Amino acid sequence: MLFLDDDQVRGLLPSPAEAVALMRETLLALADGSASVTPKSQVVHEEGGFANAMPAAWPERGLLGMKWVTVTPSNRERGREMIDGLMVLSAPDGSTRATLAAAELTALRTAAVSGASLALDDRPVTLLGTGVQARSHARVLEALGRGPLTVWGRRQEALDALSAWCAAHTPDLELRTTTDRAAALAGAGVIVSALPIGLDGHALAPEEVAADALLLPLDYASVAGAGIARTGTLVADDPVQFEALRPVKLGADYPSPTAATGDLLRDGRPEGLVIAQNLGSGLGDVVLADAAVRAAG
């Protein structure tokens, strides 16, 4: 049985632009029901920490697999990554094709879903947060030619580290950084939020963003809270999963999505504010894992 560690996965994953195209196909499949995906099942293993099982199948493409992902906040104190996981990819006959470390795969999948969603709006992007997803999104935005990217962070040293990383890894992307959130949001057409899930005190007020902005939250309701979600059109990568997780992850008062992100990609976006929640579908992980395993031969 093939096993690929993160270093190997990094070298075998499709390019950011190819990953965006694959995630567009994935979002369309989630919208039209051609894939079989169940809501994430969750166990809690420490205060604020949890683990999810994320199975998915795409029968017409012969894809079947599951990601096991763990979120361990106490790892921050140990100087270790907070998120880890393992991908299991099966053949159509049920036999195991491969297992893959999931960190690199997850980072690319998340940013590539944002990249696919950018077809809904061609304006400049502001990203809130300086973690792994800031780097993954920088790669995707550079590949799509979607600069400049404005990044807001609370700590100047984190922004400086991101600037140094981008200078080395995404030299063709114009990066702007600031610790002033209001300045980062001013005039932003697209806002990607990548703060810790469950963070308090950072929810956007409607008056802080353009009335026709596109919000792409990666952090559930930390930034795109219930208040602003009620003022626009709310969609989700996987509406069935979103509805199952909504009371626990976003709150019982959070509105339900009216459509899938793939519906808007197919039919066009409505006027006004649009919030496209990216909860992270296991189908995207399966699609990218399949691409990596194929590349491995």
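Here are a few things to note about the model shown:
- Subset of segment 201-238 [free of Cβ contacts under 8 Å to residues at least 24 places away in the same chain and buried (at least 23 other Cβ atoms within 10 Å of the Cβ)]: none
- Considering segment 107-129, the residues that are of a type outside the set (A, V, I, L, M, F, W, C) and crowded, with 24+ Cβ neighbours inside 10 Å include one that is farthest from the chain's Cα centre (by Cα), namely Thr126.
- Strands (runs of 3 or more DSSP E) completely within segment 66-137 that count 2 or more residues being outside the structural domain of His202 (by TED's automatic domain parsing): 83-90, 96-101
- Candidates Thr178, Thr150, Thr170, filtered to the one that is among the hydroxyl-bearing types (Ser, Thr, Tyr), in contact with an Asp or Glu (Cβ under 8 Å, 6 or more places away or on another chain) and assigned by TED's automatic domain parsing to the domain that holds Ala210: Thr170
- Pairs are defined by a Cβ separation below 6 Å, a sequence spacing of at least 6 or placement on different chains, a first member in segment 137-152 that is surrounded by fewer than 20 Cβ atoms within 10 Å (Cβ to Cβ), and a second member that is among the basic types (Lys, Arg); the pairs so defined are Pro148/Arg176.
- Contact map, segment 243-256: residues that are touching a residue at least 40 places away in the same chain (Cβ under 8 Å) paired with residues that are outside any helix (DSSP H, G or I) and surrounded by 14 or more Cβ atoms within 10 Å (Cβ to Cβ), Cβ distance under 6 Å, separation 6+ or inter-chain. Pairs shown: Ala244/Pro39; Lys249/Tyr220.
- Criterion applied to Met23, Met54 was being assigned to a helix (DSSP H, G or I) and either of a type in the set (Asp, Glu) or within 16 Å of the chain's Cα centre (by Cα) (or both), and the one residue passing it is Met23.
- Set Leu2, Leu28: member being over 24 Å from Met82 (Cα atoms), over 20 Å from the mean Cα position of the chain (by Cα) and surrounded by fewer than 22 Cβ atoms within 10 Å (Cβ to Cβ): Leu2
The values are calculated or read from the model by the stated rules, or taken from the named source; none is laboratory data. The shown structure was predicted, so the numbers you read here are calculated from the model rather than taken from an experiment. Cβ coordinates were reconstructed from backbone atoms using ideal geometry, including for glycine residues, and neighbour counts include every protein chain displayed.
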